[in-house]
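Input: a single structure, listed below in structure tokens.
The values are calculated or read from the model by the stated rules, or taken from the named source; none is laboratory data. Bear in mind that the values here come from a model prediction, so they are computed numbers and not experimental data. FYI the Cβ positions are ideal-geometry reconstructions off the backbone, even for glycines, and counts take in every protein chain you see.
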Amino acid sequence: MSSSFDEVTFALSGDELTAFLGRVTAGNPGTMLSTATRGSAVQAFGAPTVSPMVAAINSADGAEYSPSATNDALVLYFHRQTSDGNIGVYAALRADAQSNFDGGSLVNVGGSGLTSALAPVISADGQTLYWLDFQNFQLHSARRQNTPLVFGPAMVASTIPVYNPVLSRDELTLYYANGFAIDVLVSTRLSKNEAFGTGVPAANVNSSDNDAPVYLTTDGCVLYLSSKRSGGSGGYDFWEARRPL
């Protein structure tokens, strides 16, 4: 799925058969979402394309980053930076797995649109949305209300600034980059009511080049990275680190 362009964000559907990618390309807007599919979870993905599935998202004003799909892949969260410089978290919806997503609507948190926010991550159960505050890069969270677009009051979910947040299925482990794709760190907490603190370098994952986490499979066995390490296709490429179940 890697190319000579920068592959920077990544997410999977719950069945791991559809990948949603963020790639920085030449031209305007320069960043848009693409998709790749495969027949089974043990096969390689086909080449990413800007498919009709996400065409309405990409045709909206601005550049799209950081996709995060619900388990059924009927809701796709992402952040969008519009041509006037505003940045916020959006959700695109579709009726079923054969349909295309709509263009996306701004998510509401605590009664207001979720602006000055980026890098959304939806929990495995689809009930908690995480994102980074654009001012201090602390992780925040909110619980879903009656629709995928409406969430309750925001809560601080990290005591430190983080980049590229990736959460485990139980939401008790956080992988993140300690800067703009420098190294991958991991932090844990005892309950979802606690905030994550400073992590430690993830074992056997980091290289001498820039590395950042982008996705963790629901079984916790495959961590996908965006990395500039040698051996790739150029720029930031996707890599995967595996561990036994």
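Miscellaneous remarks
- Residue match in the range 131-143 (condition: surrounded by fewer than 15 Cβ atoms within 10 Å (Cβ to Cβ), within 28 Å of GLY199 (Cβ to Cβ) and among the acidic types (Asp, Glu)): no
- Top-ranked residue of the range 1-31 - restricted to ones that are buried (at least 19 other Cβ atoms within 10 Å of the Cβ) and small (Gly, Ala, Ser), ranked as modelled with the lowest pLDDT: SER2
- Filter result for GLY179 (in a loop (DSSP other than H, G, I, E, B), more than 24 Å from TYR77 (Cβ to Cβ) and small (Gly, Ala, Ser)): no
- Residue in the range 138-148 that is of a type in the set (A, V, I, L, M, F, W, C) and out of contact with any Pro (no Cβ under 9 Å at 6 or more places or on another chain) present: no
- Residues of the range 62-117 that are among the polar types (S, T, N, Q) and in contact with a His (Cβ under 9 Å, 6 or more places away or on another chain): SER66 alone.
- Every pair of residues 6+ apart whose Cβ atoms lie under 8 Å, when the first sits in the range 107-119 and is within 26 Å of GLY179 (Cα to Cα) while the second is among the charged types (D, E, K, R) and surrounded by fewer than 22 Cβ atoms within 10 Å (Cβ to Cβ): SER116/ASP133; ALA117/ASP133
- Look at the range 4-26: where a residue is under 12 Å from GLU64 (Cα atoms) and a partner is at pLDDT below 90 and hydroxyl-bearing (Ser, Thr, Tyr), sitting 6+ places away or on another chain with Cβ atoms under 6 Å, you get VAL8/SER226; VAL8/TYR236; GLY22/THR9; VAL24/THR31.
- Residues considered: ASP211, ASP237, ASP219. Of these, the only one that is buried (at least 16 other Cβ atoms within 10 Å of the Cβ), closer than 20 Å to LEU17 by Cα and among the charged types (D, E, K, R) is ASP237.
- Scope the range 152-176; condition over 20 Å from ARG242 (Cβ atoms), assigned to a loop (DSSP other than H, G, I, E, B) and of a type outside the set (D, E, K, R); matching residues: GLY152, PRO153, ALA154, VAL162, LEU172
- Matching strands (runs of 3 or more DSSP E) fully within the range 32-125 where at least 1 residues are surrounded by 19 or more Cβ atoms within 10 Å (Cβ to Cβ) and out of contact with any Phe, Trp or Tyr (no Cβ under 7 Å at 6 or more places or on another chain): 63-69, 75-81, 87-93
- Pick from the range 129-148, criterion within 21 Å of PHE180 (Cα to Cα) and among the hydrophobic types (A, V, I, L, M, F, W, C), ranking: nearest to the chain's Cα centre (by Cα): TRP131
- Residue identified as among the aliphatic types (A, V, I, L, M), over 25 Å from GLY104 (Cβ atoms) and surrounded by 18 or more Cβ atoms within 10 Å (Cβ to Cβ) among LEU185, LEU190: LEU185
- Some residue of the range 45-57 being in contact with a strand residue (DSSP E or B) (Cβ under 7 Å, 6 or more places away or on another chain) and on the phi > 0 side of the Ramachandran plot: no
- In the set (1) touching a helix residue (DSSP H, G or I) at 6+ places or on another chain (Cβ under 6 Å); (2) over 25 Å from LEU17 (Cα atoms), the condition left unmet by ASP102 is number (2).
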